[in-house]
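A short write-up of the structure that comes next.
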Amino acid sequence: MNGLILLIIAAAVLFVGYLLYGRWLAWKWGVDPNKETPAHEFEDGVDYVPTRPGVVFGHEFASIAGAGPINGPIIAAMFGWVPVLLWILIGGVFIGAVQDFSALYASVKNKGKTIGYIIESYIGKTGKRLFLLFVWLFSILVVAAFADIVRGTFAGFDAEGARITANASVATTSMLFIAGAVALGFFIRKARPGEIACAGVAVALLVVCITLGLLFPLYLSGTVWLYIVFAYIFFASITPVWALLQPRDYLNSFLLVFVMGGAFLGVIFSAPAVTIPAFTGFNVNENYLFPVLFVIVTCGAVSGFHALVASGTASKQLDNELHILPISFGAMLMECLLAVLSLIAVGSLAVGGKLPTGTPPMIFATAVSGFLVYMGLPENATYTIITLAISAFALTSLDSVARAGRLAFQELFTEDLVAGREPSRVVTLLSNKYVATLFTLFLGYLLAILGYQNVWPLFGSANQLLAALTLIACAVFLKKTKRQGSMLYVPMFFMLAVTFAALVVTIVQKGGKLFSGGFTLGSDGLQLAFAVLLLALGVMVAVSGVQKLSEKDESEAARAVVR
């Protein structure tokens with residue numbers, strides 16, 4: 001199969017999906033450009049900050065993309081390119097983009113509150129607490145998986161102790177990115193430049209950082225980088241959004257556009273052949289198409305993590321409701337296109353139908369840099385830039401998810417702090433943002449030591465279950481506010497079936513080792529514990545939400561005042 005044909009088909013489907021289905025949803029639910037957004041109503045200079053749509057789109061896109069749409073399709077290619085492509089396109093348009101749009105829309109209509117608060121308003125306090133606990137556990141998994149990916153792309157030495165110059169250059173540039181992002185944040189806030197001037201400064205910073213990275217590679221071991229990454233995540237999750245989160249994501253959005261644009265043009269010029277089979281079977285190496293495919297390809301088709309970004313940060317930065325559709329639905333479909341490019345990349349490197357070896361980021365960078373050679377670009381430089389982009393996106397996702405995990409942990413105790421009674425010392429301590437961040441990151445670090453290969457399947461299951469729970473919450477919100485939400489029902493129940501099946505499989509596999517031997521407390525024990533907790537919490541939240549959906553009469557307590 002020709003990769004160019006696959007890309008054209010995918011781009012056409014996604015574009016038509018945005019024009020027809022996305023706009024229809026916006027019309028059906030009612031997007032009002034004349035209503036004041038939470039960013040204006042509650043502007044505080046920290047979380048609620050009215051921001052130009054290009055910056056918010058950059059934040060949303062860079063945060064949700066991460067390494068997910070690259071890792072997932074490359075791993076899932078073991079089933080063949082047809083099932084992966086179909087899931088990316090169908091899942092992206094009718095499940096993933098719908099979830100992202102409904103989450104951002106519901107948050108904006110509820111004063112920029114998170115999905116947890118929306119569940120409390122429309123489902124109940126118990127449902128909210130269970131959901132927040134689920135989100136916190138999920139955040140730990142994301143931190144573990146993505147931190148390990150970043151460690152691998154920064155490690156300056158291989159297993160034999162030889163230097164890896166590309167990784168070291170990526171590490172230098174990424175560190176410079178952080179300093180440059182802070183400088184850009186202050187520049188935007190103080191000088192308030194126009195779109196063109198802001199973009200010009202951002203591009204200049206990118207060029208300087210990449211050039212210095214190529215000239216001065218930083219060689220440190222993966223272990224040292226893991227410590228540095230977690231230290232960075234800690235400070236990033238407690239820093240005001242305008243000082244680091246927004247400008248860093250804005251910088252990354254240019255890098256992402258370069259990578260996607262370069263990959264897109266590279267495929268056009270090289271027209272690579274996708275040499276993996278169209279379909280390899282329903283059972284590949286004891287991995288069954290259902291549910292494995294649907295939990296491995298997460299961010300490229302549907303991802304619950306997106307709802308945390310949309311309701312946790314993006315909804316508090318939105319300048320106008322008209323921006324909801326492109327920033328949510330549009331960003332998700334752009335991520336689907338990146339997932340398709342990843343599928344083409346792995347397919348182009350296959351030899352005799354056999355998938356290439358190496359980590360997914362390495363496979364993607366090798367393939368895309370090979371495409372760009374056809375355009376006359378140097379392979380070494382493009383490989384470094386693409387690897388840099390992948391690690392930058394993973395760091396951006398870590399910024400957002402660590403903040404979301406910290407907020408979820410704090411919200412578990414917020415009720416005790418605002419109920420008019422004196423909280424205990426323990427509650428006061430645990431609701432502190434520094435303590436909440438440390439506790440979340442410490443557990444993430446313990447899982448990161450296991451390696452992303454051991455965490456990714458569980459992360460995928462938790463991620464997709466979070467998407468199902470978000471769809472339930474948004475469906476209840478739409479029903480309670482007299483809006484049509486039936487378009488969420490099929491995606492909601494499908495994702496519940498997928499994720500419950502995946503978690504049950506994990507529990508059976510890990511639990512079976514207790515009796516057959518080979519069970520390790522550190523790896524299998526942690527994964528088993530997380531799987532049991534996630535499944536139990538998911539079932540309880542789902543049951544509460546479905547009960548609300550099935551209610552015929554609304555009580556006054558269930559009605560929330562919608563802006």
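Coordinate-derived values only; no laboratory data. Every value quoted in this text rests on a predicted model; they were computed, and no experiment measured them. Backbone-built Cβ (ideal geometry, glycine too); neighbour counts: all protein chains shown.
Sort segment 423-529 into rounded, prolate or oblate with this rule: let a ≥ b ≥ c be the square roots of the eigenvalues of the Cα gyration tensor; rounded if a/c is under 1.5, and if a/c is not under 1.5, prolate when a/b is larger than b/c, oblate otherwise.
Note, shape of segment 423-529 comes out oblate.
Testing the spin-label approximation: label points 7 Å from Cα along Cα→Cβ at E41 and Q547. State their distance in nm.
Computed distance between label sites E41 and Q547 equals 2.9 nm.
By what distance, in whole Å, do the Cα atoms of segment 3-489 stretch along each of the three principal axes, largest value first?
Principal extents (largest minus smallest coordinate, Cα): 66, 47, 46 Å.
Please compute one quarter of the surface area of the Cα convex hull for segment 512-555 and express it in square nanometres.
For segment 512-555, averaging the hull's shadow over all directions gives 4.1 nm².
Taking amide H atoms as placed 1.01 Å from N in the peptide plane, list the residues 5 or more away in sequence, or in a different chain, whose amide H sits under 5 Å from that of N2.
Sorted by chain and number, the residues that satisfy this are V274.
Could you give me the radius of gyration and the Dmax of segment 264-376, taking only the C-alpha atoms into account and expressing both in angstrom?
Cα-based Rg and Dmax for segment 264-376 come out at 17.4, 52 Å.
Rounded to the nearest 20 debye, what is the charge dipole size of the chain about its Cα centre when +1 sits on each Lys and Arg Cβ and -1 on each Asp and Glu Cβ?
The calculation lands at about 660 debye.
When the Karplus curve 6.51 cos²θ - 1.76 cosθ + 1.60 is applied with θ = phi - 60°, which whole-Hz ³J(HN,Hα) does each residue of segment 487-504 get, with x for Gly and Pro?
With coefficients 6.51, -1.76 and 1.60, one gets 5, 8, 5, 5, x, 4, 6, 5, 5, 4, 4, 4, 6, 5, 5, 5, 5, 5 Hz.
Rank by packing, highest mean first: peptides 259-269, 300-310, with packing defined as the count of other Cβ atoms within 10 Å averaged across residues.
300-310, 259-269
What number comes out for the charge environment of S516, summing +1 per Lys or Arg and -1 per Asp or Glu over other residues with Cβ under 15 Å away?
Around S516, the surrounding residues sum to 0.
Could you work out the helix-only [θ] at 222 nm for the chain, with each DSSP H run of four or more residues adding -39,500 (n - 2.57) and the total divided by the number of residues, to the nearest 500 deg cm²/dmol?
-23500 deg cm²/dmol
Is the shape of segment 147-276 best called rounded, prolate or oblate, per the rule: a/c under 1.5 gives rounded, else a/b larger than b/c gives prolate, else oblate, with a ≥ b ≥ c the square roots of the Cα gyration tensor eigenvalues?
oblate
Would you mind computing the Rg to Rh ratio of segment 1-148 from its alpha-carbon coordinates, Kirkwood style for Rh?
Ratio of gyration radius to Kirkwood radius: 1.00.
What are the ³J(HN,Hα) couplings of segment 258-275, residue after residue, when phi is run through the Karplus curve with 6.51, -1.76, 1.60 and θ = phi - 60°? Round to Hz, x for glycine and proline.
With coefficients 6.51, -1.76 and 1.60, one gets 4, 5, 5, x, x, 5, 4, 5, x, 5, 5, 6, 8, 6, x, 8, 8, 9 Hz.
Per 0.36 nm of contour for each residue apart, how much would the distance between A271 and M1 grow if the chain were fully extended, relative to their Cα-Cα spacing?
Residue separation times 0.36 nm, minus the Cα-Cα distance, leaves 96.2 nm.
Quick check for you: which residues of segment 195-215 have the amide N under 20 Å from the point 7 Å beyond the Cα of V257 toward its beta carbon?
Within reach of a label on V257: 195-211.
Could you list, in their original order, any pairs among K109/K480; K109/K190; K113/K190 whose Cα atoms are separated by more than 22 Å?
From K109/K480; K109/K190; K113/K190, over 22 Å: K109/K190; K113/K190.
Suppose each label sits 7 Å from its Cα in the direction of the beta carbon; what would the L533-E195 distance come out to in nanometres?
So the label points at L533 and E195 sit 4.5 nm apart.
In Å, what Kirkwood hydrodynamic radius results for segment 318-445 from the alpha-carbon pair distances?
Value: 18.7 Å, from the Cα pair sum.
For segment 56-128, what class follows from the C-alpha gyration tensor (a ≥ b ≥ c being the square roots of its eigenvalues): rounded when a/c is under 1.5, otherwise prolate if a/b is larger than b/c, else oblate?
Prolate, since a/c reaches 1.5 and a/b exceeds b/c.
Net charge within 12 Å of C198 by Cβ-Cβ distance, Lys/Arg positive one each and Asp/Glu negative one each, not counting C198 itself?
So the environment of C198 carries a net charge of +2.
Can you find, among F138, G112, V224, the residue sitting farthest towards the positive end of the charge dipole of segment 3-489, where Lys and Arg contribute +1 and Asp and Glu -1 at Cβ?
Going by the Cα projections, it comes out as G112.
Below 12 Å, Cα to Cα, which aspartates and glutamates can K479 reach? Residues fewer than 8 away in the same chain don't count.
By straight Cα distance, K479 reaches E551, D553, E554.
Show me the ranking of peptides 197-205, 355-363, 129-137 by mean Cβ neighbours inside 10 Å, starting with the highest.
By packing density, highest mean first, the sequence is 129-137, 355-363, 197-205.
If a paramagnetic tag sat 7 Å from the Cα of T165 along the Cα-Cβ line, which residues of segment 215-254 would have the backbone N under 19 Å from that point?
Residues passing the 19 Å test: 215-221.
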